[in-house]
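So the structure is just underneath, and the comments pick up after that.
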Amino acid sequence: MALYLLFESSSGYALFHARGLDEIGQNTEAVRNSVADLNRFGKVVQLTAFQPFESAIDGLNQCNSVSEGLMTDELRSFLELNLPKVKEGKKSKFSLGVAEPKLGSHISETTKIPCQSGEFVLELLRGVRLHFDKFIKDLKSGDLEKAQLGLAHSYSRAKVKFNVNRVDNMVIQAIFLLDTLDKDINSFSMRVREWYSWHFPELVKIVNDNYLYARVAKLIEDKSKLSEEHVPALTEILGDEDKAKEVVEAGKASMGQDLTPVDLINVQLFAQRVMDLAEYRKNLYDYLVTKMNDIAPNLASLIGEVVGARLISHAGSLTNLAKCPSSTLQILGAEKALFRALKTRGNTPKYGLIFHSSFIGRASSKNKGRMARYLANKCSIASRIDCFSERGSTVFGEKLREQVEERLEFYDKGVAPRKNIDVMKSAIESTQNKDTEMEEVEPEEASAKKSKKKKSKTEDAPAAATNGDASEDGKSEKKKKKEKRKKEQEADEEDGKTNGVNEQDGTAKKKKKKSKDEAATNETTKKKKKKSQE
């Protein structure tokens, strides 16, 4: 049985005919040894047809279809044109060797061409791939490498397409930075307290907050200069006038030692640095909240932005968190305690990072384990909805939060919660209603825009009408001027034409005048004769 090999290169489809396989005996080791030598391999495998791709886009489409195990129309026409035809009702005397088994099954189903893919075929295709540039004569050196590089870049770029707004890596980095900032701000503020307490030790007991302490230390500078004038500024920082007055009185009777101006300047600079870090921490928290609402809105509305971000960062990504079962999500972050319990055969932990949620803190000590298990179940549902849904909405997260609240009431008061099916149905209905409202709002906005345009046109109509009279007057004046010009031109032309005629008819006019004069004189003579006769 003849064997043909289909090779999908970066520049096009190639079909090879393998001959003399009976001598090799279809031995994989023999083929592997003959692959390296082109003279031996060229006697066994020969090129029968080659069809290049029309463009880079066509090559990308063909590569995508081959990777998915689908046969395109171009590949089908190429195979039907170059392979021997199979008669109906008879077995084919050849087979087609293919590297991808899925593609081979699809080819055999659609075209009835028998396909095979095994170690023997793969070794032959490996040799074809090794000596492919030698089989095609018109192929220049370096063209195949360029085609492979371009196709690889376009294929990988098409495969790695993702939504920029839903990149969970930013959340992972932000939560790591937030945790380190919390540690750094805490240690730096403690250093500010200890440093400034040498100068003003009573301030530590009055102001407990680290950020407010740094601001007050920055404002006071030297305690000996404290007076009643500082009270409004201190009340603005502390928010309490009594505390501000207490700080001023404590500064007057302080037991701390005096510091040099250089030391005070260093303390003020360090306090300013702590204030800047605290401000940056607030901005970073706002950024984390916005990113969590974009990436995992349901998880954020259920358990909070910080705890949800910690779960995502510990799992590695939102997809990894969605793949985790609720039992794994429940103890996520307590791996050391889990393996220690398994090693010592003790009690396994009930919760990990999920313990930082307010729901478990509100539950009684007896029901903390139950609450953690139930909350982990709802968190896994929310993470899967966020990961695999196309549109981000907080409807499911809010409904799941209501379920957790009902479960807390059930543990405390015994009030029966709603069933999960009913809650999910209501959530789906609310999302559908929102979609319909959005669809209705869009045509309304379009109609409003059209009505605005119509109104603007109607408002412009009277103005156009008033301007129309003036324009008509202007047009009539222009028409009159044009008519006058035309008449003048016609008169000039007539004058030019009649000049010659007048010269010819001048004598006739003179004769007519003379005849008229003669007739007038004759009439006068006749009248005189009649008078004389009378």
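The values are calculated or read from the model by the stated rules, or taken from the named source; none is laboratory data. Being a predicted model, the structure only gives us computed values, none of them experimental. With ideal geometry, Cβ positions are generated from the backbone for all residues, glycine too; neighbour counts draw on all protein chains shown. Calculation scope for accessible area: heavy atoms of the full protein, side chains included, ligands and nucleic acids excluded. Shrake-Rupley method; radii C 1.70, N 1.55, O 1.52, S 1.80 Å.
Observations, loosely collected:
- Count of the stretch 334-359 residues which are buried (at least 20 other Cβ atoms within 10 Å of the Cβ) and not polar (S, T, N, Q): 5
- Listed by position, the helices (runs of 4 or more DSSP H) inside the stretch 114-190 whose residues that are open to solvent by 80 Å² or more (accessible area, probe 1.4 Å) number at least 2 are 119-130, 143-159.
- Where helices (runs of 4 or more DSSP H) sit wholly within the stretch 282-324, those with at least 3 residues that are open to solvent by 30 Å² or more (accessible area, probe 1.4 Å) and more than 12 Å from CYS387 (Cβ to Cβ) occupy 305-315.
- Among the residues of the stretch 83-112, the one identified as surrounded by fewer than 17 Cβ atoms within 10 Å (Cβ to Cβ) and within 14 Å of PHE7 (Cα to Cα) is PRO101.
- Condition check for GLY104: free of Cβ contacts under 8 Å to residues at least 60 places away in the same chain and in contact with a His (Cβ under 7 Å, 6 or more places away or on another chain): no
- Counting only strands (runs of 3 or more DSSP E) that sit completely within the stretch 11-102, those holding 1 or more residues that are under 23 Å from GLY142 (Cα atoms), among the aliphatic types (A, V, I, L, M) and modelled with pLDDT of 80 or more correspond to 12-18, 45-52.
- Pick from the stretch 223-245, criterion open to solvent by less than 40 Å² (accessible area, probe 1.4 Å) and polar (S, T, N, Q), ranking: nearest to LEU264 (Cα to Cα): SER227
- Flag for ASN347 being closer than 22 Å to SER389 by Cβ and among the polar types (S, T, N, Q): no
- For the stretch 208-222, the set of residues classified as part of a helix (DSSP H, G or I) and open to solvent by less than 40 Å² (accessible area, probe 1.4 Å) consists of TYR213, ALA214, VAL216, ALA217, ILE220, listed by residue number.
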